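Just so it is clear, none of the values below were taken in a lab; they were calculated from the coordinates. Treat the numbers as computed from the prediction; the structure is a model and nothing was measured. So basically every Cβ, Gly included, is an ideal-geometry build from the backbone, and we count neighbours across all protein chains shown.
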Amino acid sequence: MDVFEITGPTSLDGTVRVNGSKNASLPIMAASILAPGNSKITNVPHLADISVCNELLTSLGCKVTRGDNGDISIDSSVVDNPVGEYEIVRKMRASICILGPLLARYRKAKVSMPGGCAIGYRPVDIHLRGLRELGTQIEIENGYIVAEAPKGLVGKEIFLGGPFGSTVLGTANVLMAATLAKGITVIESAACEPEITDLANCLRKMGAKIKGTGSPRLVIKGVRQLKPVEYSVIPDRIEAGTFMVAAAITSGKLHIENCRLDDLMAVVDLLRNIGVTVEKNSDGCVVTRTEPIRTAQITTQPYPGFPTDLQAQFMALLSLAKGNSVVIEKVFPDRFMHVAELSRMAADLRKEGSTIIVSGVNELKAAPVMASDLRASAALVLAAMAAEGTTVINRVYHIDRGYERIEQRLNPAGAKILRKSE
Ligand code: EPU
């Protein structure tokens, strides 16, 4: 297992380029199941989760080839094993998004029920509710979701809201299933995340009829068949936001290329309010911090609200603000694995339910810490670059799930991140 040794404090100064979006790539790769033939997805990041998705599609019968430049070719002419095995699904929850496409193409599917997760309980009841509404019979047997639509899927008006708002992958599943359903499907309370818009744009290029993209009301007119596609995924807004915090927490200056600021309005607004400069340019932005960090109140919400996937990184940043900040998690109420580890680095954090009170400290200090999940780990990398001394982060594979070789991208800008294999 690799560890990071990160020496701080550093002040970043340089350029980083944002890769393609992990969370857009995964459902788009699953969408290739809908159209027999050869699809080519470009701008896909080299990440552990993408490799798991390749493994999953291969296990179904697809032929998946990865080019050096990030392209992935998926030949889905033959899908003769519509089963998402536990051994693969347990490595990546997003595997659940093959359920909708398999049902649409084969009228049946068996996918392992996703298990526990470091960021809290993550049920899939809304996915199943939506697919049942389209005419699927679903049973849970031996830990598997066993789904069948003997008469085919039929469009319907479906409400997909849940206790924490919309569901991103739930929307992806029902949307993909509805593209080949008979008649019209209306999804109310659909997720509006840019990754869903990207999926809808890809599906449209495949021949799907979808209206309302980017809004909470999607109207899908089912078509008889879809055609294979060549599609380039959007840049990763969460990686971009993480780089923005990297510039801010190190009092540095980063040119962030291939970054769509429109996808990050809540984040940019917050950064500007706490004293960080974000200047838009033709391909991204320049993020600079020259003044002390001011306090903030953050409430995570579905898009276009502040993203839960940047909550941990901003907690690290606000640990160095002058005064008390409040962070409220409204999407995953237990997503706080980073709190104990940041506290080991001398952050002053107090947990009250799903709220963290962050009392700013003058400096963070190096410590041995444990990466627990993807975004929590990113927060530790950020804190370590600002902290005095050498921080050792164990279980770096969590970071590798969502950030491609982060050390090779931040070190040229002045970070001191050493990867060691143990
Ligand atoms: N929820 C339910 N029932 C469901 C589905 C969701 O109650 O059937 C609840 C969840 O427990 C949560 C809330 O609804 O409280 C939102 O969950 P959502 O379904 O939107 O999450 P997801 O689709 O499983 C995606 C991203 C996550 C990101 C969330 C929220 C992918 C592969 N994953 O997960 O990304 O945090 O949306 O934006 O797209 C990450 O990249 O680190 C990551 C965890």
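For the chain, treating each Cα as an identical point scatterer without solvent, what Debye log10 I(q)/I(0) comes out at q = 0.09, 0.14, 0.15 1/Å?
With no solvent term, the Cα-only Debye profile gives -0.54, -1.23, -1.36.
Please compute the length gained on full extension between Arg204 and Phe164, using 0.36 nm multiplied by the number of residues separating them and subtracting their Cα-Cα distance.
Residue separation times 0.36 nm, minus the Cα-Cα distance, leaves 11.6 nm.
How high is the relative contact order of the range 114-259, in percent, counting Cα pairs under 8 Å that sit 6 or more residues apart?
17 percent
Could you name the aspartates and glutamates whose alpha carbon sits less than 16 Å from that of Lys40, not counting residues in the same chain fewer than 8 places away?
Straight-line reach from Lys40, under 16 Å: Asp68, Asp71, Asp75, Asp198, Glu230.
Calculate how many DSSP beta bridges within the chain are antiparallel, expressed in % of all such bridges and rounded to the nearest 5.
70 percent
Could you order peptides 96-104, 197-205, 72-80 by the average number of other Cβ atoms within 10 Å of their residues, highest first?
For the peptides 96-104, 197-205, 72-80, the packing ranking is 96-104, 197-205, 72-80.
Could you go through the range 145-161 in sequence order and give the Karplus-derived ³J(HN,Hα) for each residue, using 6.51 cos²θ - 1.76 cosθ + 1.60 with θ = phi - 60°, rounded to whole Hz, and x for Gly and Pro?
So the Karplus estimates, Gly and Pro as x, are 8, 9, 10, 8, 10, x, 9, x, 7, 10, x, 7, 7, 10, 9, 10, x Hz.
Determine, for Asp2, Asp400, the number of other Cβ atoms within 10 Å of each Cβ, and report the residues in order from fewest to most.
By the 10 Å Cβ count, ascending: Asp2, Asp400.
Return the long-range amide H neighbours of Arg17 (sequence gap of 5 or more, or a different chain), with a cut-off of under 5 Å between placed amide H atoms.
Glu257
Would you look at the GNM of the chain, springs on alpha carbons closer than 10 Å, and say which of Asp13, Asp334, Asp373 moves the most?
Looking only at Asp13, Asp334, Asp373, the largest GNM fluctuation is found for Asp334.
With a Cα-only, solvent-free Debye model of the range 227-297, what are the log10 I(q)/I(0) values at q = 0.16 Å⁻¹?
Evaluating at q = 0.16 Å⁻¹ gives log10 I(q)/I(0) of -0.52.
What order, most packed first, do the peptides 268-275, 114-121 have when packing is the mean number of other Cβ atoms within 10 Å of each residue?
Packing proxy ranking, top to bottom: 268-275, 114-121.
Treat each spin label as a single point 7 Å out from the Cα along the C-beta direction, and report the Lys365 to Arg419 distance in nm.
According to this spin-label approximation, the distance is 3.1 nm.
Structure shown: which of Lys63/Lys227; Lys322/Lys351; Lys253/Lys416; Lys280/Lys330; Lys108/Lys182; Lys182/Lys205 lie over 21 Å apart, alpha-carbon to alpha-carbon?
The answer is Lys280/Lys330.
In 10 Å bins starting at zero, report the fraction of Cα pairs in the range 69-192 per bin as a rounded %.
Calculated P(r), rounded to whole percents: 13, 45, 34, 9, 0.
List the aspartates and glutamates whose Cα lies under 17 Å from the Cα of Lys420, skipping any in the same chain that are fewer than 8 positions away.
Straight-distance partners of Lys420: Asp2, Glu5, Asp400, Glu404, Glu407.
Which angle between 0 and 90 degrees, to the nearest 10, do you get for helix 22-31 versus the longest principal axis of the chain when only C-alpha atoms count?
10 degrees
Can you tell me the mean projection area, over all orientations, of the convex hull of the range 23-62's alpha carbons? Units nm², please.
The orientation-averaged projected area of the Cα hull of the range 23-62 comes to 2.7 nm².
Step through the residues of the range 205-216 one at a time and calculate ³J(HN,Hα) from phi using the Karplus curve (6.51 cos²θ - 1.76 cosθ + 1.60, θ = phi - 60°), rounding each to whole Hz and writing x for Gly and Pro.
5, 7, x, 6, 10, 10, 10, x, 3, x, 10, x
Please identify, among Ile328, Ile140, Ile238, the residue showing maximal mean-square fluctuation in a Gaussian network model of the chain using a 10 angstrom Cα cutoff.
Among Ile328, Ile140, Ile238, the largest mean-square fluctuation in the Gaussian network model of the chain belongs to Ile140.
Viscosity 1.002 mPa s, temperature 20 °C: give me the Stokes-Einstein translational D for the range 1-110 in µm²/s, with Rh taken as the Kirkwood radius over C-alpha pairs.
Stokes-Einstein gives a translational diffusion coefficient of 141 µm²/s.
Tell me what the chain gives for mean residue ellipticity at 222 nm when only DSSP H runs of n ≥ 4 count, each as -39,500 (n - 2.57), the sum divided by the residue total, rounded to 500 deg cm²/dmol.
-8500 deg cm²/dmol
Quote to one decimal, in nm, the extra length available between Glu139 and Thr58 on full extension: 0.36 nm per residue of separation minus the C-alpha distance between them.
Gain on extension, Glu139 to Thr58, equals 26.7 nm.
Could you pull out every residue, at least 5 positions away or on a different chain, whose amide H is within less than 5 Å of the one on Met113? Hs are placed 1.01 Å off N in the peptide plane, and Pro or chain starts have none.
When sequence neighbours closer than 5 places are left aside, the close amide H contacts are Tyr144, Ile145.
Between Val286 and Lys91, what length in nm is gained on full extension when 0.36 nm per residue of separation is reduced by their alpha carbon distance?
This chain segment gains 66.6 nm when fully extended.
Any chance you could tell me what percent of the C-alpha pair distances in the range 181-243 go past 17 Å?
Beyond 17 Å sits 47 percent of the P(r) for the range 181-243.
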